[in-house]
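Just so it is clear, none of the values below were taken in a lab; they were calculated from the coordinates. Remember, predicted model here, so these are calculated numbers, not experimental data. Using ideal geometry, Cβ is built from the backbone for each residue, glycine included, and neighbour counts are taken over all protein chains shown.
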Amino acid sequence: MEYLLHILILIGIYIILSESLNLIAGYTGLLSIAHAAFYGVGAYVAALMALNLHTPFLVNIICAVIAAGAFGALVGIPSLRIRDDYFVIATFAFQVITFSVLNNWVSFTGGPMGLPGIPQPVIFGLQISSHVGFLILVGVLCALSLWVTHRVVRSPFGRVLMAIREDEVFAHAMGKNVARYKVMVFVIGAGIAAIAGAMYAYYISFIDPTSFTVTESIFIISIVIIGGAGSLWGPVVGAAVLVTLPEILRFVGMPSSVAANVRQILYGGLLVAFMMWRPQGFMGGYSFEKGGSEK
Amino acid sequence: MISQFAVNAFIASSTYVLLGLGFALVYRAARFFHFAHGAVFASGPYLLLIFVQCAGVSWPASVVLSVACVCVLGCAMEVMAYGPIRRAHSSPIVLALASLGIYVVLQNVISLIFGDDTKSIRTGVVREGINVLGARITPIQITTICVSIVLVIGLALFLRYAKLGRAMRAVANDPELANLSGIDSDRVILWAFAIGSALAGIAGILVALDVDMTPTMGMNALMMGVVAVIIGGVSSIPGIALGALLLGMAQQFGVWWISSQWQDAIAFIILLVFLLFRPQGFMGRKVKKAVV
Amino acid sequence: MRGVSRGVTLLMAALLLAVVLLCSCARQGSEVRGTLAVRVGVVAPLTGPAAVWGQWLKQGVSIALREYKAGQSKFDVRVIYEDSQGDPAKAVSAVQKLISVDKVQVVYGPLTSAEVLAVAPIAEKAKVVLLTPSASSRQITSAGRYIFRTYPSDQEQSIALARYCHSKMSARAFGILYKSDDFGQGVKDDFARELRRLGVGRIAVEGFQPGASDFRTSIAKLKQFRPEVTLIVGMPDELGTILRQSRELAFHTRFVSTANIENPEVLKMAGSAADGVVYGSVLYDDTSQVARRFRAEYQGEFKTQDKPGLGVALAHDGMSVLLDAIMRASRPTPTAIGQALGSTHDYPALTGSITFDANGDVVKHFALKAIRQGKFVVLSQRID
């Protein structure tokens with residue numbers, strides 16, 4: 001039972017992560033491989049505050065969101081100057097640079113040794129220590145991020161985002177300050193990702209830079225795409241499928257020496273398969289078809 | 001120490017330029033980011049390992065066979081995955097994502113077969129490198145630099161004078177016009193994959209002979225190649241060569257003055273600066289973003 | 001082919017989830033047997049960059065188990081393996097599963113310090129004994145009452161090495177080339193700090209990022225500094241490459257390193273460039289009678305002519321002392337096993353006798369070894 005709860009908590013964290021990336025990539029059409037960087041910034045800010053300043057959970061999460069949001073703006077601004085397809089490379093660059101900072105700035109982040117002993121969250125006097133407690137907390141945060149995404153998407157702001165995705169030039173011609181919207185969506189997306197990061201830090205009680213690498217970013221974008229970019233429930237389905245898939249391998253008696261590689265092959269294979277036969281993902285969102293803002 | 005520094009930069013740039021050229025060839029012909037190019041790079045030396053150690057084939061023949069297989073691998077990706085996706089009118093993003101997926105699959109297949117630890121195909125005694133103006137350089141490193149120079153010049157000549165090479169440039173400039181002129185763009189793209197993959201495979205083998213190989217060696221090496229392409233300008237061979245050299249030197253400077261831990265970060269900061277302020281690279285032509 | 005319907009794909013996703021739920025429930029159901037059995041969960045890098053250690057662990061565990069089964073014990077022991085790939089988050093997942101699904105009383109492993117630090121709080125909270133045969137970070141000393149290790153702390157090794165270099169090698173200028181991960185950082189810090197405490201002023205430090213394979217510029221920098229002794233810290237393949245590239249660059253210095261350099265990979269990669277490296281090591285005297293018998297068992301069970309290295313010996317020793325504690329425990333519960341473990345005194349193991357201190361750390365001293373002409377030889381039984 002504990003194990004099942006553990007899986008559900010992980011799914012919850014990934015739902016938050018992929019919903020936030022969905023806003024950036026699925027609804028605005030900005031493919032970003034920097035999401036693990038926002039995730040990491042959120043986790044580290046929350047952890048560092050908890051460990052050094054002993055501030056309460058809610059304060060730490062809010063600070064994590066603000067820090068990541070600011071960083072998100074930083075990543076979003078270049079999107080205005082850099083051509084769409086090169087922008088992916090730029091996000092890759094931000095991701096690697098962030099990892100380097102987390103890994104090498106030892107005096108501040110603990111570097112490769114990470115930050116162990118993150119205390120358990122205490123919310124309004126209630127200490128969260130059991131799996132059930134964490135699951136409820138993650139569930140609440142999940143619902144929150146879904147709600148925020150839903151509100152954003154249905155609002156006029158959201159409609160402009162989708163217009164930018166379809167045809168940026170046209171959106172600009174209609175008088176929308178495309179620049180502002182792009183930066184805003186990065187701020188929101190990064191901020192929500194930070195929530196997942198803080199959650200992860202508190203749950204595992206130990207973080208190190210190896211959880212926030214390019215591979216992780218690729219995993220998150222895979223969830224978004226396979227689940228269905230540009231659809232509200234897509235990331236939920238995607239997270240559920242991609243997180244549970246490798247756990248099946250644990251049970252199906254796959255020889256342990258090949259399980260990890262087979263799992264990755266499954267992920268990669270799924271991504272390729274979906275790109276070939278169902279680019280709109282499970283839930284049939286946006287399929288990045290030609291005729292969008294790419295040409 | 002300046003000479004050692006320069007030598008190190010040359011050695012690194014040689015790999016970057018080969019990878020960058022292959023990547024650029026595919027990008028110009030097929031217009032998407034072929035991330036799986038990194039896996040092609042890594043496959044080269046592993047194939048060589050199979051031929052030399054498992055099948056007992058002679059070294060020269062093994063090298064030729066490995067490069068040939070790597071070509072086939074690249075072409076297979078085009079025929080089985082990229083081609084169909086492209087014909088279904090999917091955007092470059094879909095292709096790039098598929099490419100990421102292919103990279104992950106291929107890299108893990110290599111891990112599965114060979115294990116994740118470092119493998120070596122070198123033979124021979126470890127000895128001090130040859131002293132050249134105060135710097136030390138080993139025979140394989142000299143070979144790497146020479147092969148690189150030859151291939152770069154060869155590719156430049158090919159693109160300028162050979163019929164296929166000119167066809168590639170035509171497709172890169174304007175695919176529709178090229179098609180109208182009777183060039184089969186699909187075939188040209190296939191050739192781009194073949195040549196690009198061959199370059200990557202050769203680069204992989206050279207690197208493995210120098211610093212051994214791991215299944216994950218591809219992604220990082222490819223990224224350095226991409227940085228070289230962006231610094232230099234995707235449509236200019238001299239530009240890419242210059243970009244590779246500059247990147248190599250910048251990294252050496254970085255390691256010298258700061259620390260080698262920041263090597264990657266330095267490369268990518270340079271990349272960002274160029275993307276922001278001169279995305280066409282040193283030698284590229286400026287392509288303006290459509291503004292109303 | 002294109003456009004597989006949304007309904008179909010959703011159905012597939014739902015089926016997938018159902019399968020997982022069923023599997024996890026089924027697994028839980030099947031664990032209600034063997035009340036007198038002790039279940040040991042083994043967490044190791046069965047795949048990934050450190051997979052070779054996982055291999056050795058399995059071999060050591062296998063031999064230790066056979067020895068245990070040959071003896072008389074009231075408790076049946078079942079071993080369940082989980083792959084952590086050397087990743088702390090995966091180790092957490094693995095330990096969670098072992099504790100809640102497989103209901104293990106003991107966790108053996110993980111092997112790296114980062115993983116142990118990540119899972120220690122979980123083991124502590126669940127009151128499950130955890131013993132690691134190789135994690136060496138100094139932070140593990142205070143990781144908890146249920147956490148034990150049969151490998152001495154890095155800190156000891158680094159300090160002892162520093163003292164040795166200063167006094168016996170009379171070196172005054174030092175270079176350090178270290179891998180910037182938890183292990184390398186810890187060793188570098190302790191080594192440098194001890195040197196400074198001894199009054200050494202000239203220390204050049206170069207770090208490299210994990211995954212690096214080209215150390216030439218760092219080596220060139222150190223070469224310019226002309227250190228008499230250079231400490232190199234990293235994984236065996238990195239160490240092998242460093243030694244080789246140092247030779248190629250004509251970097252003349254005396255190299256010292258840590259126990260994990262004792263690995264045939266290093267010899268393969270560096271060839272004669274590895275000669276002369278001095279390192280601290282847990283002593284595994286493979287000429288002793290116990291060791292020779294172990295080698296015979298190893299070669300018999302795995303049908304090989306290879307000699308079992310330090311990795312296998314450590315894995316065997318850790319498992320062996322654990323099984324001994326299980327045998328001596330009054331009940332098959334973690335608390336009883338933990339008590340039996342803590343009271344272990346002078347348990348004879350391949351790598352030296354095992355006694356635990358109050359923190360669950362083994363009391364062991366490092367020996368000094370060197371690589372001479374392609375062989376790992378003992379220079380002295382104690383570094384200090």
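Annotations for the structure displayed:
- Per-residue mean of foreign Cβ neighbours for C:218-224 is 5 (Cβ atoms of other chains, 10 Å radius).
- Rounded to 5, the percent of DSSP beta bridges in the protein assembly as shown classed as antiparallel: 35 percent
- Angle between chain C longest axis and helix C:236-248 axis [Cα atoms, degrees, rounded to 10]: 20 degrees
- Positive minus negative residues near B:Gln141 (Lys, Arg vs Asp, Glu; Cβ under 11 Å): -1
- With only the Cα atoms considered, segment A:186-269 has a convex hull volume of 124 Å³ per residue.
- Using a Förster distance of 22 Å, the FRET efficiency for C:Ser73-C:Gln381 (Cβ separation, nearest 0.05): 0.10
- Phi-derived couplings, Karplus 6.51 cos²θ - 1.76 cosθ + 1.60 at θ = phi - 60°, listed residue by residue for segment B:206-222: 4, 5, 5, 5, 8, 10, 6, 9, 10, x, 9, 5, x, 4, 5, 4, 4 Hz, with x used for Gly and Pro.
- Relative to the Cα centre, the charge distribution of segment B:139-193, modelled as +1 at Lys and Arg Cβ and -1 at Asp and Glu Cβ, gives a dipole magnitude of about 240 debye.
- Protection proxy ranking, peptides A:208-216, A:81-89, B:196-204, average beta carbon neighbours within 10 Å, highest first: B:196-204, A:208-216, A:81-89
- Size descriptor for the protein assembly as shown, Kirkwood hydrodynamic radius: 29.3 Å (Cα pairs only, one decimal).
- Signed unit charges on C-beta, dipole axis of segment C:157-251, positive-most listed residue C:Ala173, C:Leu231, C:Gln245: C:Ala173
- Ratio of Rg to Rh over segment A:2-210 (Cα coordinates, Kirkwood Rh, two decimals): 1.00
- √(5λ) per eigenvalue of the Cα gyration tensor, segment B:2-277, largest first, Å: 29, 23, 18
- Restraint check, C:Lys74/C:Lys97; C:Lys268/C:Lys369; C:Lys307/C:Lys369; C:Lys103/C:Lys125, Cα-Cα greater than 22 Å: C:Lys74/C:Lys97
- Basic side chains Lys and Arg get +1 at the Cβ, acidic Asp and Glu get -1 at the Cβ, and with that the dipole of the protein assembly as shown about its Cα centre reaches some 1080 debye.
- Inter-part distance where segment B:1-62 and segment A:182-216 are each reduced to a Cα centre, Å: 34 Å
- Residues whose amide H comes within less than 5 Å of that of A:Tyr286, counting only those at least five positions distant or on another chain, are A:Ala229, A:Gly230, A:Ser231 (H built at 1.01 Å from N in the peptide plane).
- Chymotrypsin sites (Phe, Trp or Tyr not before Pro) restricted to segment C:91-155 and DSSP loop, no more than 16 other C-beta within 10 Å: none
- The relative contact order of segment B:2-277 comes to 38 percent, based on Cα pairs under 8 Å that sit 6 or more residues apart.
- Amide hydrogen proximity for C:Arg78: with H placed 1.01 Å from N in the peptide plane, the residues at 5 or more positions away or on another chain lying under 5 Å are C:Val38, C:Arg39, C:Val40.
- Cα lying deepest toward the dipole's positive end in chain C, options C:Ala329, C:Ala296, C:Gly184, charges on Cβ: C:Gly184
- Once the Cα atoms are used to define both axes, helix A:57-76 deviates from the longest principal axis of chain A by about 30 degrees.
- Partners of A:Lys182 within straight-line reach, counting lysines whose Cα lies under 17 Å from its Cα and excluding those fewer than 8 residues away in the same chain: B:Lys289.
- Assigned charges on the beta-carbon of Lys, Arg, Asp, Glu; segment B:137-277 dipole about Cα centre (debye): 360 debye
- Near-label residues of segment B:20-57 by backbone N, under 12 Å of a point 7 Å along Cα→Cβ of B:Phe114: B:39-54
- Three principal axis lengths of chain C [C-alpha, angstrom, descending]: 65, 64, 41
- With the cut-off at under 16 Å, measuring from each backbone N in segment A:5-49 to a point 7 Å along the Cα-to-Cβ line of A:Leu74 picks out A:34-46.
- Across peptide A:210-221, the average count of Cβ atoms from other chains found within 10 Å of a residue's Cβ is 2.
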